Amino acid sequence: MRGDVCGQKHGGMHAISPDGIHWEVIPSDLAYTRGLHWDDGKTELMGLLERPFLLFENGKPAHAFFGTSNGT
């Protein structure tokens, strides 16, 4: 949560597992950032961005959904 692993406070760390039990953390690698880029060209750094969910279409990721907050 402090950013010690991925480099960004409340950022999403990247970890991999062959079995969902034993995990390897990829240090300093963000899975996702709290920075959102809007269609109007503006960027907003959210207080929290969590609970990632991917929607798959035809076996490929099509959309990403997150829970978010603009607080700190």
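The values are calculated or read from the model by the stated rules, or taken from the named source; none is laboratory data. The model shown is predicted, which means the values in this text are computed figures rather than measured ones. Heads up: the accessible areas ignore ligands, DNA and RNA and are worked out on the full protein's heavy atoms, side chains in. Shrake-Rupley method; radii C 1.70, N 1.55, O 1.52, S 1.80 Å.
Within segment 19-44, restricting attention to residues that are of a type in the set (Gly, Ala, Ser) and modelled with pLDDT under 90, the residue that is nearest to the chain's Cα centre (by Cα) is Ala31. The residue of segment 15-72 that is most open to solvent (accessible area, probe 1.4 Å), among those that are in a strand (DSSP E or B) and of a type in the set (Gly, Ala, Ser), is Ser28.
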